[in-house]
Structures are given as C-alpha cells and as structure tokens.
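Below is one structure, written out as structure tokens, with a few remarks after it.
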Amino acid sequence: MPVVTPRLSVLSEDFAADPYRHFAQLRERTPVHYEPAIDSYFLSRHEDVQRVLTDHEAFTTETLQVRAEPVMRGPVLAQMTGAEHTAKRKIVVRAFTGRALQDQMRAVRANTAELVAPFLARGRMDLVDDFGKPFAVRVTLDVLGLDGRDWQRVAAWHSGVAEFITSLSLTPERRRHCLDCAEQLEAYLLPVIEERRRHPGEDLISKLCAAEFDGIAMSDRDVTALIINVLVASAEPADKTLALLFKHLIDHPEQLAEVRDDPELLTAAIAETLRYTPPVQLIPRQAEEDAVFGGATVPAGATVFCMIGAANRDPAVFGAPDAFDIHRRDLGTARSFTAAAQHLSFGAGLHQCVGAAFARAEIETVAAMLLPLLDEVRYSPGFRYREAGLYTRGPVSLSLDFTPVR
Ligand code: 2IO
C-alpha cells in the first residue's frame with residue numbers, strides 16, 4: 001500500500017512545534033507552497049527568497065498597508081520607495097552609527113548590569129522573562145529617548161502591536177485588542193513628540209522631529225509611525241536572538257568553551273545564530289505580476305511569504321545547513337551584518353534591516369557581559385525547551401542555572 005503523506009500546512013500545530021523539520025520537504029517538493037486558508041504563497045528556496053527581496057519592481061511591500069499600517073499609525077520605512085525612502089532611511093541610519101551607537105552601547109551595558117544583578121546571588125535566571133524581554137524594551141526606550149520607567153506599559157502595548165503584524169490570522173477580538181494597544185501607544189507618544197519639537201535633544205525622536213524631506217518637516221503621524229517602527233523592529237527580535245544564542249552555545253559545549261576563551265568569536269556565534277534560527281522567520285511581499293519559480297506560478301496580486309528559516313538552511317548555499325557551527329566557512333562573519341550577508345535574516349535589497357549594525361553591537365555587548373557572569377551556565381533541572389511563533393519565533397523561556405556570585 002502506498003504511504004500517503006498528508007499535505008503539510010504551515011498553519012498546522014505540527015509545523016508550529018518544529019518548522020525546521022519540514023523545511024527540506026518544502027524546498028524540495030513544494031518550493032511554491034500555497035495556503036488556501038490565508039490565500040498566500042510560501043517560498044522556501046534561498047534563490048527564490050533572494051529574488052523576491054531584491055526585485056523591487058515585481059515584488060513590492062504594498063502588503064504592509066494592511067499588515068502593519070493600522071497599528072503603526074502611519075507608513076513605516078519598509079513601505080516607502082524612491083527619494084522619500086532614501087532620505088528617511090538615511091535619517092534612521094545616522095541615528096544608529098558613530099557617536100549615537102556608542103551612547104546606545106552605554107545604555108546596553110547599564111541595562112544589562114541592572115537587570116542581571118538581582119539574579120547573580122541566586123544562581124538562576126530565565127533569560128527570556130527575567131532578563132531578555134525587559135532588556136529589549138528598556139534598551140529601545142533609551143535609544144528613543146523615552147522614559148525607561150514606563151517600560152512595562154510600553155512592553156504591553158508593544159506586544160499588541162507585534163501580535164497584529166506577526167499573526168497569520170486574527171480573531172476580531174484579538175484584532176480589537178491589538179488596535180487598542182496601538183491607539184494607547186500613539187496617545188502616549190504624541191505629547192512627547194510635541195515636547196521634543198519645542199525642546200529638541202540628542203535623542204532619535206528629536207532627530208525625527210527636526211528632519212525635513214523636500215523642505216517639508218515630518219508630520220506627527222510620520223514621526224509616530226517611525227517611532228513605533230523602531231520600537232517593534234528593535235524590541236521584538238532582541239530577546240529571541242539573545243536566548244537562541246545561549247541555547248545553541250549550551251547545546252554545543254565545545255563552541256561555548258571556545259567563545260569563553262576568545263570573546264572575539266562572539267560575532268561569529270551571533271551571525272551563525274541568526275542564520276541557523278532567524279528570529280524573524282517570514283517577510284511578506286506582494287507580487288505585482290505573474291511570477292514563475294521552478295515551474296510553479298505565483299499570480300499577480302498574490303501575497304508571498306519569504307521563509308527565512310528555510311532559505312538559511314538551503315544546502316545549495318550552506319554546507320551541512322542543519323549544523324550549528326560558528327566556524328563554518330560559508331558564513332562570512334564579517335559580511336553577515338552587511339548588504340553582502342549570505343544568510344537572509346536581515347532581509348536583502350533596498351529594505352534590508354537598517355538596524356543590523358545596531359543589532360550586532362547590542363547582542364555582542366550584552367552577551368560579552370553575561371558570559372563571564374554566568375559561570376558553568378546550564379539548563380535548570382527539569383527545564384523543557386519550547387519555541388513559539390511562526391512570523392517571529394524564539395524560546396518561550398530559557399531557565400538557566402549557573403554558579404552563584406558571592
Ligand atoms: C515593523 C517584524 C519585528 C521592520 C515591520 C512592520 C516592518 C519591518 C520586519 C522587521 C522585524 C519586525 N519588518 N522590522 O520584518 O521594521
């Protein structure tokens with residue numbers, strides 16, 4: 001009797017439990033995978049994903065108008081094109097380089113020290129709930145020049161906004177909740193924007209308020225959307241990347257020992273973490289014309305999801321793709337945080353992540369501080385590892401034991 005393999009759905013519980021088990025089958029058998037329930041196409045081959053992300057005429061970010069704009073309260077960078085995109089992107093790039101970046105790393109160190117302190121004598125810390133989540137939001141607030149003491153409120157609004165962007169389907173109740181969060185976040189930001197217009201400082205919000213495009217200053221709506229854009233893009237993937245880095249190093253003790261001996265290797269460990277388990281697993285685009293991928297057609301007007309996790313493990317590009325190896329020759333550590341990256345975790349093309357250099361500096365800085373503090377780091381007894389998320393994905397928790405610091 002022939003064995004019938006039930007058709008895979010990326011919306012199934014089976015897929016959500018461990019997407020990585022299914023990527024080879026998708027790449028080999030259905031490189032253009034259609035999901036009728038959400039009328040969307042999923043691409044899994046590195047070559048196809050790269051093509052979609054770099055052919056800006058054929059594949060646009062038009063889909064963000066419904067996927068993001070309602071909660072961003074205005075247009076984000078990724079939606080913009082042409083001269084407007086170039087100009088506004090430059091403003092944001094500048095805010096994440098040079099002296100600004102050095103100030104931001106000072107904030108990363110201060111937040112790391114403060115957040116880890118209460119756990120050092122206990123010898124136990126959840127790297128996601130106790131540390132990563134507050135860390136991600138508080139660093140972002142410092143970068144934006146917002147009040148760090150508001151982090152719990154902002155974190156709650158952020159999760160509603162992120163849920164809207166990263167859900168493949170939402171009930172009307174959840175949708176309402178997400179929109180409520182976005183409206184409250186907007187109401188929180190507007191008086192701050194007004195204040196920064198009157199008394200500008202060195203922070204990113206002041207810089208956005210002062211910026212001009214074609215001689216026209218940005219409106220409150222434009223500034224609000226860019227602030228929420230930075231908030232989500234900086235906070236959402238940070239705790240996931242940090243926890244995944246520690247998980248992979250704990251699972252590969254010989255590589256952990258090497259990184260401890262030579263902290264310069266952290267850059268490679270972070271780049272390999274991003275390739276192996278990208279925190280942002282899906283990037284949406286809209287096909288503007290019929291497009292053929294290896295014989296299968298995506299029709300004009302369709303929503304296309306680039307599957308970053310699958311593309312990053314394509315054997316056509318990476319040798320032994322399912323192995324975590326900070327020494328892999330085909331990673332190109334130095335290029336991994338630039339436009340020449342082989343992995344696609346920062347996307348590719350004109351809209352490639354503006355925060356890539358910031359992300360690298362942030363995770364290097366926090367990990368270089370935590371590693372020497374977390375001596376003999378290991379999973380807590382009885383800890384069961386679980387990941388969640390299809391769009392952004394990371395550990396639900398990561399309870400770690402280590403030698404208590406006296
Ligand atoms: C915020 C999804 C965490 C971005 C998005 C509407 C636009 C854009 C991304 C990343 C990561 C977030 N998309 N950042 O995939 O700014």
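Remarks
- Qualifying GluC sites (Glu not before Pro) for the stretch 134-235 [loop in DSSP, other Cβ within 10 Å: at most 13]: GLU202
- A helix-only calculation puts the chain at -15500 deg cm²/dmol for mean residue ellipticity at 222 nm, using -39500 (n - 2.57) for each DSSP H run of at least four residues, averaged over all residues.
- Each Cα pair under 8 Å and six or more residues apart adds its sequence gap; the mean of these over the residue count of the stretch 130-202 is a relative contact order of 24 percent.
- Förster-model FRET efficiency, 41 Å R0, ILE38 and ASP214, C-beta, rounded to 0.05: 0.60
- Relative contact order for the stretch 323-406: 19 percent, from Cα pairs under 8 Å spaced at least 6 residues apart, divided by residue count.
- Efficiency of FRET from Cβ geometry, LEU168 and ARG7, R₀ 22 Å, rounded to 0.05: 0.80
- Calculated over the stretch 101-187: convex hull of Cα atoms, volume per residue (Å³): 116
- Surface composition of the stretch 325-393: carbon plus sulfur atoms hold 53% of the accessible area, using a 1.4 angstrom probe and ignoring ligands, DNA and RNA.
- Stokes-Einstein diffusion of the stretch 349-406 at 4 °C, 1.567 mPa s viscosity, Kirkwood radius from Cα pairs, rounded to a whole number: 91 µm²/s.
- Span-like helix criteria (full DSSP H runs; alpha carbon extent of at least 24 Å along the helix axis; mean Kyte-Doolittle hydropathy of at least 1.0) are satisfied in the chain by 356-373.
- Lysine pair number, Cα distance threshold 21 Å (strictly under), the chain, separation 8 or more or different chains: 4
- Cα gyration tensor, the stretch 13-374 - rounded (a/c under 1.5), prolate or oblate: oblate
- Residue-normalised accessible area of the stretch 13-374, given per residue in Å² at a 1.4 Å probe: 42
- Ranked by how many other beta carbons lie within 10 Å on average, peptides 250-256, 347-353, 271-277, 40-46 from highest: 271-277, 40-46, 347-353, 250-256
- Value of relative contact order over the chain, rounded to a whole percent, pairs C-alpha under 8 Å and six or more apart: 26
The values are calculated or read from the model by the stated rules, or taken from the named source; none is laboratory data. Quick caveat, the model's predicted, so the values are computed rather than measured. A quick note on method: Cβ atoms are made from the backbone with ideal geometry, for glycine too, and the neighbour counts reach across all protein chains shown. Ligands, DNA and RNA are excluded from the accessible area calculation, which covers all protein heavy atoms including side chains. Shrake-Rupley method; radii C 1.70, N 1.55, O 1.52, S 1.80 Å.
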